[in-house]
Every structure is written in structure tokens, then in C-alpha cells.
Amino acid sequence: MTPTLVSTRTRLRPFELADGPAYLRLGSDPAIIRYTDNHGLTSLEDALALMARAPLHDYATSIYGRLAVEWRATGEVIGFCGLKYLPDLQEVDLGYRFLPEFWGLGLATETSQTVLDHYLRQGQTPRVMGLVHPANGASARVMTKLGFTEADELVLADLGAVAFRRFYRHLSP
Ligand SMILES: CC(C)(COP(=O)(O)OP(=O)(O)OC[C@H]1O[C@@H](n2cnc3c(N)ncnc32)[C@H](O)[C@@H]1OP(=O)(O)O)[C@@H](O)C(=O)NCCC(=O)NCCS
């Protein structure tokens, strides 16, 4: 079942269709998608279609799925964070994105740790992978702070054939 989790400053819960505008910004702002997507979303319609194909589909078919991150002080959706099963790689992947005005506050680390603690308690996820664009220093630093170890490189053909840095963390009680 898709979890709802609470961290010191945030609440993580499943995306809903009402989050369309926030999901659109997270998938279209050039600063946010610089190291993740080749093409940004261009309309609310696109955003809702992707939400249906990605997180909502993941919630329905697995125990994983990226979660909307709400800023507890206001209830505003400020990003996403969560695990996702990647069938092609047969790996469980950690992903996170935040609005730029919330960068540098430790939120990627705080929310990821909350997510990892949850799945560690569940005991069903032996290891988690993270893929980081070689120029994404902030994300690589988050990986290290979370206790991930760099393993190798993986070329993602649909993301400009760039060799992404692959990190792993084993989840054992
Ligand atoms: C990557 C991202 C999620 C980081 O979020 P965040 O909440 O700012 O991360 P945190 O504050 O928890 O940690 C960032 C760390 O990286 C460091 N950092 C920031 N910019 C850096 C850079 N260019 N190079 C190296 N380290 C950097 C910070 O100093 C901090 O480390 P510290 O705590 O030791 O000082 C955020 O920048 C983002 O949403 N980027 C766009 C989407 C994205 O790239 N997602 C990741 C895809 S793999």
C-alpha cells in the first residue's frame, strides 16, 4: 500500500489529480529538469497524463511510487520524493525533485531518509539504486549523505546517452 509519511518539516503522501499544477511545474521548470528530462511538460493536460502513467500507475501496481512532498507549514506541494520500480533494470530507484526556492534546506536528505526508513521497516526492499547525472553535484551529495555508495555508470539512451552515476544502498534492519 502507498504510504503517507511525516518528516520534521514535510508530509509525504500519494499524488492526486488536484496536484496537477504543482506536478506540471516540477516537470517543466528548466532549472528543475536540467539533469533529469530531455523534454519538459508543456501543459496541464500533459502533466495529468504523466501523473496517471507514472505515480498513480505505480501506486496501483506496486508498493512504490514517488510521493508528493507537502511543506507542513502551508500544505503547499513543494516537490516529490520516493521509490519507483524500474522493470527494465529490475531495480528500485530513489528519486526526488524540489522547487528551487526550497533547495539548500536539507529537504532532499530529510524526505529521502524518511522514505528509506519506511521501506527498511517494511523489510521487502533489499537494496535501492540512485541514478545521478554527472553534472548534478547536489544530487550526488544527497546520495552520499544518505549512505549510498557509488558503484558504476549506466548509459540511459533516452536521456541523451549520458553516462549516469549509479549509487546503491542496502536496506537491512
Ligand atoms: C538535487 C536536489 C533534489 C537537492 O535538494 P536539496 O533539498 O537542496 O538537497 P539537500 O539540501 O538535502 O542536500 C544538498 C547537498 O548538496 C550540496 N550541494 C549543493 N549544490 C552542489 C553542487 N553544485 N555540487 C556539490 N554539492 C552541492 C549542498 O551543500 C548539500 O550538502 P551539505 O548538506 O553537505 O551542505 C535539488 O537541487 C533539486 O530538486 N534539483 C532538481 C531535480 C534533480 O536534479 N533531482 C535529482 C535527480 S538525480
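The values are calculated or read from the model by the stated rules, or taken from the named source; none is laboratory data. Bear in mind the structure is a predicted one, so any value in this text is a computation, not a measurement. FYI the Cβ positions are ideal-geometry reconstructions off the backbone, even for glycines, and counts take in every protein chain you see. We work out accessible area using only protein heavy atoms, side chains counted, and drop any ligands, DNA or RNA first. Shrake-Rupley method; radii C 1.70, N 1.55, O 1.52, S 1.80 Å.
If a residue must be surrounded by fewer than 12 Cβ atoms within 10 Å (Cβ to Cβ) and of a type outside the set (Val, Ile, Thr), how many such residues does the stretch 154-173 contain?
Count: 6.
Checked against the criterion of being at pLDDT 95 or above, surrounded by 12 or more Cβ atoms within 10 Å (Cβ to Cβ), charged (D, E, K, R) and closer than 18 Å to residue 33 by Cα, the candidates 93, 117 yield just one match: 93.
If I ask for residues that are open to solvent by less than 50 Å² (accessible area, probe 1.4 Å) and either part of a helix (DSSP H, G or I) or on the phi > 0 side of the Ramachandran plot (or both), which ones from the stretch 138-153 would you list?
Scanning the stretch 138-153 gives 139, 140, 142, 143, 147.
Summed over the stretch 39-64, residues that are under 24 Å from residue 165 (Cβ atoms), in contact with a helix residue (DSSP H, G or I) (Cβ under 6 Å, 6 or more places away or on another chain) and either modelled with pLDDT of 95 or more or among the polar types (S, T, N, Q) (or both) total 1. A residue that is small (Gly, Ala, Ser), near the ligand (Cβ under 8 Å from one of its atoms) and touching a His at 6+ places or on another chain (Cβ under 8 Å) can be found somewhere in the stretch 131-142.
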